[in-house]
Amino acid sequence: MGAIERDGAFVVTRGEGAYIWDDAGTRYLDATAGLWFTNVGHGRTEIGDAIAAQVAELAHYSNFGDLTSEPAVELAERLAAIAPVPGSKIFTSGGSDSVDSAAKLARRYWQEVGKPGKRLLVSREKAYHGMHVGGTSLAGIPVNGEGYGRLWEDTAQVAWDDAKALLELVDSVGADSIAAFFCEPVIGAGGVYLPPDGYLAEVRDICRDHDILFVVDEVVTGFGRIGGSWFASSRFDLSPDMITTAKGLTSGYLPMGALFVAPRVAEPFFAGGVWWRHGYTYGGHAAAAAAALANLDIIEREDLLAEAARIERTLHEKLAPLAEHPRVAEVRSGVGAVAAVQLADPAEALGFVTTLRRHGISGRAAGQGAMQISPSFVMTDGQIADLADGIAAALG
Ligand code: PLP
């Protein structure tokens, strides 16, 4: 806040494809697709038209009880059809809302099936799961939890890169005390860390073998960002019990997220007699659902899942030489349309973001001095080459 008081804000006024413009009319390559979300690129009037038409008809009403709207129903059906676990139920909300909903539902599920002792929620170091109280309690980025005291009881963390750490926790506290394990397939805001080979399948199997709900946080990786498929859960065959999503669902044209709940977890609540008293005013928001539907149309029509796979390959190739630069500790890329250029000195990160702007790139620091790269799926190979050149020039 102090720096903004001193230096002023960076005001973004317009976007088109993979570019944005500031209030002085300067153009920048958008290295991050906003906050990881503009999967279809900026300036899609088709989504704007869909939103306007829906707002003129009915902006929103309520998604509580038996109430809903046509776009909310259509979206839920469409998401269920692409869900990695067939028969999933869809609960729409925001990203942090999805995480907190999943955390509450995990504990409530075990209560309903007669195992109320299963309460512990486990996550990974470096993890980011949003900013609500539940997500903050689960996060593995210590500074994000500073200054609040202990928010949620019964949470635990394990090493981010070693499935054995999860197994050791299970052995020490007992599976009958663990409700769920939360896992980002690619750690995003914690600094873009790719899953070690075999890690995701191993933690999936540990969860299965010990009857622990496996919650995959795909707020970043969902809706194509993993490259080549809608979800990391499909690409890595994870069959999660719940999937949290947001961002790419609407490409950020309106805020919306969705929690996917596998039939096993949904069943006690749909069998009758159990009422899960939980919901958000803007869950199932009609205009946001219309935006999501138009966004999904574009992803399908333009085969943007394949484009994201192309971006995964091109980023991997074009960014690799940057690892040789003395200011760079490593480049992380090769799983999805995401990458990080890890600066050797994390203290340089914020200044480097400003330097990048002078080279025509709007970027962002994540984790401990990592330059986040998560372009929209319309970024061309030529633009990725420009991005790599701009970063190299800024390093110089
Ligand atoms: N989970 C992950 C993995 C995220 O990256 C984010 C946001 O960046 C969230 C949850 C929270 O989403 P939101 O900020 O939309 O509430």
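Throughout, read-outs are computed from the coordinates displayed, never taken from laboratory work. All of these numbers come straight from a predicted model, not from anything done at the bench. Neighbour counts are summed over all protein chains in view; Cβ atoms, including those assigned to glycine, are modelled from backbone coordinates with ideal geometry.
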Review point. Once you charge only the Cβ atoms, +1 for Lys and Arg and -1 for Asp and Glu, what is the size of the charge dipole of region 288-358 about its Cα centre, to the nearest 20 debye?
Key: 260
**Study point:** Average projected area [Cα convex hull, region 177-253], square nanometres
**Key:** 5.4
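Quick one: dipole size for the chain, taken about the Cα centre, charges +1 on Lys/Arg Cβ and -1 on Asp/Glu Cβ, in debye to the nearest 20.
On the way: 32 positive and 50 negative charges, 93 e Å.
Around 440 debye, computed over the chain.
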Check your understanding: Quick one: if you take sqrt(5λ) for each eigenvalue of the C-alpha gyration tensor of the chain, what semi-axes come out, biggest first, whole angstrom?
Key -> 33, 26, 19
Review point. Using the Cα gyration tensor of region 93-176, with a ≥ b ≥ c the square roots of its eigenvalues, what is the shape: rounded (a/c below 1.5), prolate (a/b larger than b/c) or oblate (neither)?
Key: oblate
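Estimate the FRET efficiency between R208 and D303 by the formula 1/(1 + (r/R0)^6), using the beta-carbon distance for r and 30 Å for R0, to the nearest 0.05. Display every interim value, and only then the final one.
Working: r = 33 Å, r/R0 = 1.11.
That pair, R208 with D303, gives E of 0.35.
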**Study point:** Label point at T281 placed 7 Å out along Cα→Cβ; residues across region 244-262 whose backbone nitrogen lies under 19 Å
**Key:** 254-257
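Would you kindly state the longest site-free stretch of the chain, with sites defined as trypsin sites (Lys or Arg not before Pro) in a DSSP loop (not H, G, I, E, B) surrounded by at most 16 other Cβ atoms within 10 Å?
Numbers: sites that count: R150, R277, R327.
That gives 1-149 as the longest site-free run.
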Point to revise | the chain: antiparallel DSSP beta bridges as a percent of all, rounded to 5 | key: 65
Exercise for review: Could you state the angle between the C-alpha long axis of helix 349-358 and the longest principal axis of the C-alpha atoms of the chain, as a value from 0 to 90 degrees rounded to the nearest 10?
Suggested key: 50
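For R358 and H325, FRET efficiency with R0 = 25 Å and r from the beta-carbon atoms, rounded to 0.05? Can you show the working numbers first?
Working: r = 17 Å, r/R0 = 0.70.
Once the sixth-power term is evaluated, E becomes 0.90.
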Check your understanding: Between region 65-127 and region 8-27, how many Å separate their Cα centres?
Key -> 36
Study note, to complete from the structure: The relative contact order of region 18-122, taking Cα pairs under 8 Å that sit 6 or more residues apart, comes to a percentage of 10
Exercise for review: For region 211-280, state the semi-axes of the equivalent ellipsoid (square roots of 5 times the eigenvalues of the alpha-carbon gyration tensor), sorted largest first and rounded to whole angstrom.
Suggested key: 24, 17, 8
Review point. Can you work out the FRET efficiency for the pair A385 and S62, with r the C-beta to C-beta distance and R0 = 51 Å, to the nearest 0.05?
Key: 0.55
Study note, to complete from the structure: From DSSP H assignment alone, runs of 4+ in the chain each adding -39500 (n - 2.57), the sum over residues rounded to the nearest 500 puts [θ] at 222 nm at -11500 deg cm²/dmol
Exercise for review: Extending each Cα 7 Å along its Cβ direction at A156 and D197, get the distance between those two points in nm, one decimal.
Suggested key: 3.0
Exercise for review: At most 11 other Cβ atoms within 10 Å plus a DSSP loop assignment makes a site exposed; report the longest stretch of the chain without any exposed chymotrypsin sites (Phe, Trp or Tyr not before Pro).
Suggested key: 1-147
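Could you give the length gained on full extension between E267 and A344, defined as 0.36 nm per residue of separation minus the Cα-Cα distance, in nm?
On the way: separation 77, 0.36 × 77 = 27.72 nm, distance 4.94 nm.
Length gained between E267 and A344: 22.8 nm.
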Review point. How far, in nm, would the chain grow between R6 and D23 when pulled straight, counting 0.36 nm per residue and subtracting the alpha carbon separation?
Key: 4.3 nm
